[in-house]
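To keep things clear, I will list the structure first and then write my remarks on it.
The values are calculated or read from the model by the stated rules, or taken from the named source; none is laboratory data. Small disclaimer: the values here were computed from a predicted structure and weren't measured. Ideal geometry is used to build each Cβ from the backbone, glycine not excepted, and the neighbour counts take in all protein chains shown. When the accessible area is computed, the model is the full protein with side chains, heavy atoms only, and any ligands, DNA or RNA have been set aside. Shrake-Rupley method; radii C 1.70, N 1.55, O 1.52, S 1.80 Å.
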Amino acid sequence: GIDICHETVRLWWNRFGPLFAADIRRQRVNRMRGFRQWRWHLDEMYVKLNGEMVYLWRAVDHEGEVLESYVTRKRDKSAALAFMKKTLKRHGKPEAIVTDGLRSYPAAMRELDNIDRREMGRWLNNRAENSHLPFRRRERALLRFRQMKSLQKFASVHSSFHNHFNSERHLVDRQTYKLRRSAALAEWQSLVS
């Protein structure tokens, strides 16, 4: 029996969404830091922003969880360096970093002394390429973005929530799916309370 305007929900999302996303991200990263073969997949994608192309840089771990999202206007060494510094500061150092053939990655990694961790191959980066799909679906539903700030905020919040509730139902049996879904909902309840 509660009547709520869609604008109220949007304001709640703007206020509480980043807080919940940060908690989810922190808990997931703490669990993954102890994993020995932690691999990152780095990739960038084009996003239209008021008819102008901008780049959304993304770091995905070996399980397909989006670690970090970063929006820039350029796709050069300085943008790659800023993205990698932010990701390394927040998540620590991985065992290996898989990238595509973009020449900005080795230039930035050389400056960070990480060039020995880089791996590059023809289909090695499919994990990052496939992680763009849920974002593209939401982008179409939202009818594009209008501001860089809202794109950055949406990308970081959406990836955390999608990671949390994506149980990959098609890969596991029904019983395992129910257990994972229950665990995700219990974790969500502890975050919200």
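Structure notes:
- Qualifying residue in segment 2-12 (condition: surrounded by 12 or more Cβ atoms within 10 Å (Cβ to Cβ) and either among the hydrophobic types (A, V, I, L, M, F, W, C) or more than 29 Å from residue 120 (Cα to Cα) (or both)): no
- Test result for residue 24, open to solvent by 60 Å² or more (accessible area, probe 1.4 Å) and of a type in the set (Val, Ile, Thr): no
- Segment 80-125, subset of a type in the set (D, E, K, R) and assigned to a loop (DSSP other than H, G, I, E, B), residue farthest from residue 43 (Cα to Cα): 113
- Restricting 154, 145, 135 to residues that are under 18 Å from residue 21 (Cα atoms) and in contact (Cβ under 8 Å) with a residue 60 or more places away in the chain narrows the list to 135.
- Qualifying positions in segment 11-25 - at pLDDT 75 or above and of a type outside the set (A, V, I, L, M, F, W, C): 14, 15, 17, 18, 23
- Those residues of segment 36-66 which are in a strand (DSSP E or B), over 15 Å from residue 149 (Cα atoms) and not hydrophobic (A, V, I, L, M, F, W, C), in sequence order: 39, 41, 43, 44, 46, 58, 61
- Tally, over segment 120-132, of residues that are open to solvent by 90 Å² or more (accessible area, probe 1.4 Å), out of contact with any strand residue (DSSP E or B) (no Cβ under 7 Å at 6 or more places or on another chain) and without any contact (Cβ under 8 Å) to a residue 40 or more places away in the chain: 2
- Checking 117, 140 one by one, the residue that is surrounded by fewer than 17 Cβ atoms within 10 Å (Cβ to Cβ) and either farther than 18 Å from residue 56 by Cβ or touching a His at 6+ places or on another chain (Cβ under 6 Å) (or both) is 117 and no other.
- In this structure, residue 2 does not satisfy being in contact with a helix residue (DSSP H, G or I) (Cβ under 7 Å, 6 or more places away or on another chain), more than 21 Å from residue 147 (Cα to Cα) and either touching a residue at least 40 places away in the same chain (Cβ under 8 Å) or not in a strand (DSSP E or B) (or both).
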